[in-house]
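To start, the structure under review is shown below, and the notes come after it.
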Amino acid sequence: MKLTEKSPGVLARLGAVAILAMAFATGARAEEASPELSAGDTAWMMTATALVLLMTIPGLALFYGGMVRKMNVLAITMQCFAICCLATIIWMVAGYSLSLSEGNAFIGGFGKLFLAGVTMDSVHELAPTIPESVFMTFQMTFFIITPALIVGAFADRMKFSAMLWFMGLWLILVYSPVAHMVWGGGLMGEMGVLDFAGGTVVHINAGVAGLMAALVLGKRSGYGKRPFPPHNLVYSIIGASLLWVGWFGFNAGSAVAADGRAGMAMAVTQIATAAAALGWMFAEWLLKGKPSVLGIVSGAVAGLVAITPAAGFVLPGGALVIGVVAGVVCFFASTSIKNALGYDDSLDVWGVHGVGGIVGAVLTGVFATMAVTGGEDPVGLIDGNAGQVMTQIIGVVITVIYCAIVSFILLKVVDLAIGLRVDEAAERDGLDLALHGETVQ
């Protein structure tokens with residue numbers, strides 16, 4: 001083209017067209033790489049995150065605080081609160097990266113250390129419609145509650161310093177690998193193990209670690225010779241109620257969207273919890289003559305635990321069966337079986353969370369259905385896929401063995417380094433005064 005005095009105007013127009021074309025192309029690539037965020041999903045997940053945090057502080061703190069003796073109520077609530085703080089920092093520094101970033105079959109990588117790459121605009125591939133900051137914080141609340149559950153197993157007898165060291169190491173060396181193996185693209189996820197909201201990652205993990213701690217520390221002074229009655233069951237009822245409400249964030253939030261699957265997860269959570277509470281209550285009533293307050297709230301928690309791995313896979317009928325089975329089985333595990341074997345799991349972490357998590361994980365393989373997942377392939381036994389039950393059992397076995405071995409080693413290492421157990425005088429007079437210099441009047 002021959003240049004004239006009008007050429008600058010022509011060139012400007014051509015340049016503008018080129019810039020617009022580049023902008024459209026760049027916009028298309030950006031849209032393809034980063035789908036548009038959903039305000040509804042984001043709002044729901046922020047709410048779910050707050051609900052799950054509510055489960056630990058104040059829910060679990062009150063639940064456990066009411067069940068211990070009065071001289072130890074501050075100690076156990078302090079443990080829950082301190083774990084919330086400790087786990088938050090560990091998750092930010094390394095836990096998120098080791099759990100949910102790309103790695104190998106057993107552990108995530110180091111690409112997200114100190115939340116590197118987590119920006120206002122970033123998203124995680126597991127939650128493409130919400131900001132990564134929200135997804136990261138939601139997963140952090142799971143990281144917080146899991147070790148807090150464990151403290152109930154060794155209530156009344158572990159040093160506060162030892163508890164902090166054990167929990168910090170356990171979160172990095174047990175929780176993070178198991179979370180990666182199940183949710184982060186690792187071994188169990190590749191095997192096809194189903195765990196919607198943490199039956200293996202949270203509850204079996206916590207139950208096994210709690211049992212190991214109870215065995216390594218030994219029985220409370222006077223256990224089996226004198227009663228250890230709960231100091232305030234009203235606290236425990238309030239705590240259990242907060243757990244129940246918060247669990248909707250736990251289970252329905254694990255859909256990572258405000259959709260029909262989240263709605264079904266909420267519905268089955270409510271049904272299974274009520275069924276388990278009644279199952280425990282009637283079993284206790286028949287065998288012991290009276291339905292106890294501690295029994296019905298423990299049954300409700302057992303139902304919440306058992307439906308957790310199944311919440312996004314089952315229909316209401318399956319949830320009803322899971323709840324009843326969990327309530328009855330966990331009642332026997334926390335009473336008859338525990339008494340027969342003679343171990344001192346103070347607040348029945350293994351009996352409720354460990355056993356309840358196993359019941360839920362296995363029955364997920366039975367009742368999971370494509371009617372909920374929306375797929376075309378059979379999911380669980382009721383769909384005709386009997387092999388899923390065995391896959392679930394293998395996932396349980398891997399979690400139990402790995403958690404038991406590493407937890408045992410960590411407990412022994414901490415014991416050798418600084419000692420695990422308080423002295424006899426502190427245990428006799430109460431941990432509140434001995435460890436924190438405070439008492440409840």
Could you give me the residue pairs with C-beta distances under 6 Å whose first residue belongs to segment 125-149 and is in contact (Cβ under 8 Å) with a residue 40 or more places away in the chain, whose second residue is part of a helix (DSSP H, G or I) and among the aromatic types (Phe, Trp, Tyr) wherever it lies, and which are 6+ apart or on separate chains?
-> Ala127/Phe135; Met136/Tyr96; Met140/Trp91; Phe143/Trp91; Thr146/Tyr175
Would you check if Gly327 is buried (at least 24 other Cβ atoms within 10 Å of the Cβ) and under 21 Å from Val397 (Cβ atoms)?
-> no
All positions within segment 336-357 that are in contact with a Gly (Cβ under 8 Å, 6 or more places away or on another chain) and farther than 21 Å from Ala274 by Cβ = Ile337, Lys338, Gly342, Asp344, Asp345, Ser346, Leu347, Val349, Trp350, Gly354
Within segment 415-436, identify whether any single residue is within 30 Å of Val201 (Cβ to Cβ), without any contact (Cβ under 8 Å) to a residue 60 or more places away in the chain and of a type outside the set (S, T, N, Q), and answer yes or no.
-> yes
Within segment 318-332, residues without any contact (Cβ under 8 Å) to a residue 60 or more places away in the chain and small (Gly, Ala, Ser) come out as Ala319, Gly323, Ala326, Gly327
Can you spot a residue in segment 127-147 that is buried (at least 24 other Cβ atoms within 10 Å of the Cβ), touching a helix residue (DSSP H, G or I) at 6+ places or on another chain (Cβ under 8 Å) and among the small types (Gly, Ala, Ser)?
-> no
Taking segment 358-395 as the search range and keeping residues that are touching a Ser or Thr at 6+ places or on another chain (Cβ under 7 Å) and in contact (Cβ under 8 Å) with a residue 60 or more places away in the chain, which one is surrounded by the most Cβ atoms within 10 Å (Cβ to Cβ)?
-> Gly360
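Condition check ((1) touching a residue at least 12 places away in the same chain (Cβ under 8 Å); (2) in contact with a Leu (Cβ under 7 Å, 6 or more places away or on another chain); (3) farther than 16 Å from Asn104 by Cβ) across all residues:
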site	(1), (2), (3)
Ser161	yes, no, yes
Trp170	yes, yes, yes
Pro177	yes, no, no
Val182	yes, no, no
Leu187	yes, no, no
Gly199	yes, no, yes
Leu211	yes, no, yes
Residues satisfying the stated conditions in segment 199-228, i.e. hydroxyl-bearing (Ser, Thr, Tyr) and in contact with a Ser or Thr (Cβ under 7 Å, 6 or more places away or on another chain) | Thr200
Residues (under 16 Å from the mean Cα position of the chain (by Cα) and either among the small types (Gly, Ala, Ser) or surrounded by fewer than 21 Cβ atoms within 10 Å (Cβ to Cβ) (or both)) located in segment 59-80 | Gly59, Ala61
Just one listed residue, out of Ala197, Ala179, Ala155, Ala148, is over 30 Å from Glu102 (Cβ atoms) and hydrophobic (A, V, I, L, M, F, W, C), and it is Ala155
Would you be able to tell me the number of residues in segment 123-145 that are in a loop (DSSP other than H, G, I, E, B) and either of a type in the set (A, V, I, L, M) or farther than 18 Å from Leu98 by Cα (or both)?
-> 6
List pairs: first in segment 55-78 and on the phi > 0 side of the Ramachandran plot and among the aromatic types (Phe, Trp, Tyr), second assigned to a helix (DSSP H, G or I) and at pLDDT below 95, Cβ under 7 Å, 6+ apart or cross-chain?
-> none
Test Phe228 against the criterion of being surrounded by fewer than 24 Cβ atoms within 10 Å (Cβ to Cβ) and in contact with a Lys or Arg (Cβ under 8 Å, 6 or more places away or on another chain), and give yes or no.
-> yes
Sole residue being touching a residue at least 12 places away in the same chain (Cβ under 8 Å), out of contact with any helix residue (DSSP H, G or I) (no Cβ under 7 Å at 6 or more places or on another chain) and among the hydrophobic types (A, V, I, L, M, F, W, C), chosen from Phe282, Phe228, Phe248 = Phe228
Of the residues that sit in segment 396-430 and are modelled with pLDDT of 95 or more and among the basic types (Lys, Arg), which one is surrounded by the most Cβ atoms within 10 Å (Cβ to Cβ)?
-> Arg421
Which numbered condition Gly312 misses (of (1) in a loop (DSSP other than H, G, I, E, B); (2) at pLDDT below 95; (3) not aromatic (Phe, Trp, Tyr)) = (2)
Select from segment 125-149 the residues that are more than 19 Å from the chain's Cα centre (by Cα) and not acidic (Asp, Glu) and list them in ascending order.
-> Pro128, Thr129, Ile130, Pro131
Qualifying position, being closer than 22 Å to Gly198 by Cβ, buried (at least 22 other Cβ atoms within 10 Å of the Cβ) and without any contact (Cβ under 8 Å) to a residue 40 or more places away in the chain, among Gly312, Gly299 = Gly299
Would you list the helices (runs of 4 or more DSSP H) that sit entirely within segment 150-201 and hold 1 or more residues that are over 13 Å from the mean Cα position of the chain (by Cα), surrounded by 24 or more Cβ atoms within 10 Å (Cβ to Cβ) and on the phi > 0 side of the Ramachandran plot?
-> none
Of the residues in segment 88-124 that are within 19 Å of the chain's Cα centre (by Cα) and among the aromatic types (Phe, Trp, Tyr), the one that is surrounded by the fewest Cβ atoms within 10 Å (Cβ to Cβ) is Phe106
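The values are calculated or read from the model by the stated rules, or taken from the named source; none is laboratory data. Being a predicted model, the structure only gives us computed values, none of them experimental. Ideal geometry is used to build each Cβ from the backbone, glycine not excepted, and the neighbour counts take in all protein chains shown.
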